[in-house]
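Reviewing the structure listed below.
Just so it is clear, none of the values below were taken in a lab; they were calculated from the coordinates. Since we're looking at a predicted model, the values are computed, not measured. Glycine also receives a Cβ, built like all others from the backbone with ideal geometry; neighbour counts cover every protein chain displayed.
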Amino acid sequence: MKVDVLLGLQWGDEGKGKVVDVLTPRYDVVARFQGGPNAGHTLEFEGQKYVLRSIPSGIFQGDKINIIGNGVVLDPALFKAEAEALEASGHDLKARLHISKKAHLIMPTHRLLDAAYEAAKGDAKVGTTGKGIGPTYTDKVSRNGLRVGDLLHDFDKKYAIAKARHEQILKSLNFSYELSELEKAWFEGIEYLKQFQLVDSEHEINYLLASGKSVLCEGAQGTMLDVDFGSYPYVTSSNTICAGACTGLGVAPNKIGEVYGIFKAYCTRVGAGPFPTELFDETGEKIGALGHEFGAVTGRKRRCGWIDLVALKYAVMIDGVTKLIMMKSDVLDTFETIKACVAYKIDGEEIDYFPFDIKEGHLEPVYVELPGWKTDMTKMQSEDEFPEEFNAYLSFLEEQLGVPIKIVSVGPDREQTIERYLEDD
Ligand code: GDP
Ligand code: IMO
Ligand code: MG
């Protein structure tokens, strides 16, 4: 068997959590491959709303195995809070949630370092989620990290060494902090974590695949936040792209099957950094209000703009997307016209590829304008009900991106999901 990968193609918050939940009944296993509690994946069903940060979005569908892979960074305190909230609402996690021993631990001092580095950057700050993501991945790559498997041997000693090193840096940055409360919650989280199945997830996944089980790999963030290919340095610190599923789970490249790329019918971004199609006018405000564009983790207002097909084409290429999924179509239900960016103008020259530098003020989007469908799509059940203008928008995107749109989402609820019939189905 091969694994299928589902990932965001924009700057995150595309609706990955909702679609993973919808697709989970078709799989035996759901596995997160990167990121950490910087993610906020929202799921809505049966009148309830849940936000997942580190736990895979397959956790609500029956008895499927959910795996937190080696590429994930885990904060035990936040994990405990997230898992206990799910357990309190009647979801038994311990039997079904497996955690890689190779996943790295976010320490309280990583969170402090995240804040200290952001403060030191002043106006150039990234606008991180403040969860310690960058410093934890930095320690991983510089071979100083603590891993989940370290819990089992000599943990206190390893913790003390890492903490002392972090405190030295914090001191050199003149960063004042209070650690005791954070540490207390963290060590409670460590004890809690010990109750879970800590596994060699690369062995587990490959064994499951060899025994005919199907696996869906869940990405966090989005391709434009990838540390190599995103809008660097305004990115996260992991590989959010499809290849991240290989390194973040121990799955070989030739085991990748379908790659589901998710995008919003428009575009959003939270935090600092360039965003070529950002709208600063009332249209941007309207998209934000209708789409409830506020961060699931930080509550920050998301910046809104039109769809950027130059960036999307780039993401489709980097990720090898085989099927597209369009989210939040309903947010555009009342618009007279809809714009799509098909090229960038840089110093008077038009380009249709994603360049090295997309910094603000230097680049102007070139738009195509399409008629809006001006129809409430939120109760639609099948593609037969789609308005003509909506079908025209889908065809335009498919032609531009060269990949079919398989699923269309018309509202936040699990039920508001429409699968399209494709010729090669
Ligand atoms: P993720 O991080 O990619 O899982 O996405 P988030 O959960 O951060 O953000 C997506 C938001 O859009 C959530 O509040 C979802 O409930 C909501 N959502 C998902 N799909 C749709 C949709 O088709 N229409 C509308 N209106 N909201 C949606
Ligand atoms: P999901 O999985 C949107 C952004 C932050 C910041 C940058 C770096 O819900 O789509 P970090 O804390 O990772 O060092 O922050 O990345 N960011 C996200 N934006 N959705 C996310 O996750 C994000 N995770 C990080 O806002 O700009
Ligand atoms: Mg999110």
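Exposed loop GluC sites (Glu not before Pro) only (DSSP loop, at most 14 other Cβ atoms within 10 Å): please give the longest stretch of the chain free of them, not including the sites.
Numbers: sites that count: Glu46, Glu178, Glu336, Glu360, Glu415, Glu423.
That gives 179-335 as the longest site-free run.
Distance from a point 7 Å along Cα→Cβ of Leu182 to each backbone N in the stretch 155-171: keep the residues under 16 Å and list them by number.
Counting backbone N atoms under 16 Å from the label point, the list is 159-171.
Rounded to a whole number of µm²/s, how large is the Stokes-Einstein D of the stretch 233-367 at 37 °C and 0.692 mPa s, given Rh as the Kirkwood radius over C-alpha pairs? Each step should come with its number before you reach the end.
On the way: Rh = 16.4 Å.
The calculation lands on 200 µm²/s.
What per residue convex hull volume, in Å³, comes out for the stretch 191-307 when only alpha-carbon positions are used? Each step should come with its number before you reach the end.
Values: hull volume 18.5 nm³, N = 117.
Output value, Cα hull per residue: 158 Å³.
How big is the charge dipole of the stretch 147-212 about its Cα centre, in debye rounded to the nearest 20, if each Lys and Arg gets +1 on its Cβ and each Asp and Glu gets -1 on its Cβ?
Values: 8 positive and 12 negative charges, 54 e Å.
Using Cβ point charges on Lys, Arg, Asp and Glu, the stretch 147-212 gives about 260 debye.
If you take the beta carbon distance between Glu350 and Lys163 as r and set R0 to 60 Å, what does 1/(1 + (r/R0)^6) give as a FRET efficiency, to the nearest 0.05?
Working: r = 53 Å, r/R0 = 0.88.
Between Glu350 and Lys163 the formula returns 0.70.
Residues of the stretch 282-297 with amide nitrogen under 11 Å from the 7 Å Cα-to-Cβ point of Val51?
Answer for this model: 294-297.
Residue-wise, which Karplus ³J(HN,Hα) couplings in Hz belong to the stretch 239-248, taking 6.51 cos²θ - 1.76 cosθ + 1.60, θ = phi - 60°, and x for glycine or proline?
Working through the residues one at a time gives 8, 8, 6, 4, 4, x, 5, 5, 6, x Hz.
Taking 45 Å as R0, compute the FRET efficiency from the Cβ-Cβ separation of Lys101 and Lys374 and round it to 0.05. Don't jump to the answer; show the numbers that get you there.
Numbers: r = 54 Å, r/R0 = 1.19.
After rounding, the FRET efficiency stands at 0.25.
Of the beta bridges DSSP finds with both residues in the stretch 15-145, what % are antiparallel, to the nearest 5? Could the numbers behind the result be given before it?
Numbers: 5 of 15 bridges.
Taking every DSSP beta bridge within the stretch 15-145, about 35 percent pair in antiparallel fashion.
Please work out whether the stretch 375-425 counts as rounded, prolate or oblate from its C-alpha gyration tensor, where a ≥ b ≥ c are the square roots of the eigenvalues and a/c under 1.5 means rounded, while otherwise a/b larger than b/c means prolate and anything else oblate? Mind showing how you got there, number by number?
Values: a/c = 1.89, a/b = 1.44, b/c = 1.32.
Prolate.
What's the percent breakdown of Cα-Cα distances in the stretch 316-425 across 10 Å bins, shortest bin first?
Calculated over all Cα pairs of the stretch 316-425, the distribution is 12, 38, 32, 15, 2 percent.
Enumerate the whole-percent occupancy of each 10 Å bin, from 0 to the last occupied one, for all C-alpha pair distances of the stretch 1-133.
Result returned by the calculation: 12, 41, 34, 12, 2.
Express as a percent, rounded to the nearest 5, the fraction of DSSP beta bridges in the chain (both residues included) that run antiparallel.
On the way: 26 of 63 bridges.
Antiparallel: roughly 40 percent of the beta bridges in the chain.
Using every alpha carbon pair in the stretch 61-209, what percent of pairs falls into each 5 Å bin from 0 up to the bin containing the largest distance?
Taking all Cα pairs of the stretch 61-209, the binned fractions are 2, 9, 17, 21, 19, 14, 9, 6, 3, 1, 0 percent.
GNM, the chain, Cα, under 10 Å: largest mean-square fluctuation among Ser211, Ser201, Ser231?
Greatest mean-square fluctuation among the candidates belongs to Ser211.
From the helices alone, meaning DSSP H stretches of at least four residues, give me the mean residue ellipticity at 222 nm for the chain, per-run term -39500 (n - 2.57), in deg cm²/dmol to the nearest 500. Intermediate values should be presented prior to the final figure.
Numbers: 11 runs with 127 residues, N = 425.
When only DSSP H runs of four or more count, the value is -9000 deg cm²/dmol.
State which entries of Lys163/Lys184; Lys301/Lys359; Lys18/Lys49; Lys64/Lys194; Lys18/Lys339 exceed 18 angstrom in Cα-Cα distance in the structure shown.
On the way: Lys163/Lys184 14 Å; Lys301/Lys359 21 Å; Lys18/Lys49 10 Å; Lys64/Lys194 21 Å; Lys18/Lys339 26 Å.
Where the Cα-Cα span goes over 18 Å, the pairs concerned are Lys301/Lys359; Lys64/Lys194; Lys18/Lys339.
Could you please state, rounded to a whole Å, how far the C-alpha centre of the stretch 376-414 is from the C-alpha centre of the stretch 195-231?
Distance between centres, Cα-based: 29 Å.
Which whole-number percentage describes the relative contact order of the chain, with Cα contacts under 8 Å and a sequence gap of 6 or more?
Numbers: 930 pairs, mean separation 85.0, N = 425.
The value is 20 percent.
Stretch Val366-Asp281 to full length: gain in nm at 0.36 nm per residue minus the Cα-Cα span? Write out the running numbers ahead of the final one.
On the way: separation 85, 0.36 × 85 = 30.60 nm, distance 1.72 nm.
Contour length minus Cα-Cα distance gives 28.9 nm.
With labels modelled as points extended 7 Å from the Cα through the Cβ direction, what inter-label distance (nm, one decimal) is found for Phe175 paired with Asp228?
It works out to 2.8 nm between the two label points.
Suppose we keep just the alpha-carbon trace of the stretch 124-224; what are its Rg and Dmax in angstrom?
Rg and Dmax of the stretch 124-224, Cα atoms, are 17.5, 55 Å.
Does the stretch 173-260 classify as rounded, prolate or oblate by the C-alpha gyration tensor (a ≥ b ≥ c root eigenvalues; a/c under 1.5 gives rounded; else a/b over b/c gives prolate, otherwise oblate)? Mind showing how you got there, number by number?
Numbers: a/c = 3.56, a/b = 1.33, b/c = 2.69.
It comes out oblate by the Cα gyration axes.
Kindly state, as a whole number, the per residue volume in cubic angstrom of the convex hull around the alpha carbon atoms of the chain. Show your work: numbers first, answer last.
On the way: hull volume 60.6 nm³, N = 425.
In the chain, the Cα hull volume divided by residue count equals 143 Å³.
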